[in-house]
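Take a look at the structure below.
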Amino acid sequence: LENLQPEIKELAKRLRYEVSVRGKQLGWSEKVARFHFTRNMRRIVTELYVRDNCHPFKATLLLWVQVPMWVCVSLALRNCSVGALGSAVQEQFSSGGALWFTDLTAPDSTWILPVSLGLVNLLVVEV
């Protein structure tokens, strides 16, 4: 979308000139000329989006998938950590880890998991 902005500005300038010339020829009011400019500009921008396959909705698609997923995972982790699922789950978390984190209910004193999770999230955002 950002790469299309110079082309859109140039097309808007040219279209504004064409509409003003045509409006003077046909005696259009300012309101009618603005209507024709807006309608044609919308059509041109839509054609550019189709040509370059970069509709603005595609940029928000990840957000519409990621936010509900994040909410569900957050609620699931909260329910697990406060013992809402029962003491059996708490016992499994306290003895079910791997490598250096054998107790999943204790904070990570080495900060390896929080830092690596943050770096992975940064990598996902940047890529």
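The values are calculated or read from the model by the stated rules, or taken from the named source; none is laboratory data. Keep in mind that what you see is a predicted model, and the values were worked out from it rather than measured. Here Cβ is always computed from backbone atoms with ideal geometry, including for glycine, and neighbour counts include all displayed protein chains. Keep in mind that these areas ignore ligands, DNA and RNA; they rest on the heavy atoms of the full protein, side chains included. Shrake-Rupley method; radii C 1.70, N 1.55, O 1.52, S 1.80 Å.
When V21, V73 are checked against the criterion of being open to solvent by 60 Å² or more (accessible area, probe 1.4 Å) and in a helix (DSSP H, G or I), V73 stands alone in meeting it. If you check L63 against the conditions, is it within 23 Å of the chain's Cα centre (by Cα), surrounded by 13 or more Cβ atoms within 10 Å (Cβ to Cβ) and in a helix (DSSP H, G or I)? No.
Within region 105-127, residues that are on the phi < 0 side of the Ramachandran plot have Cβ atoms under 7 Å from residues that are outside any loop (DSSP other than H, G, I, E, B) and open to solvent by less than 80 Å² (accessible area, probe 1.4 Å) in these pairs: T105/Q90; T105/F93; T105/S94; D108/F101; D108/P114; L113/F101, counting only partners at least 6 apart in sequence or on another chain. Taking region 31-57 as the range and being surrounded by fewer than 14 Cβ atoms within 10 Å (Cβ to Cβ) and in contact with a helix residue (DSSP H, G or I) (Cβ under 8 Å, 6 or more places away or on another chain) as the test, the residues that pass are V32, H55, P56.
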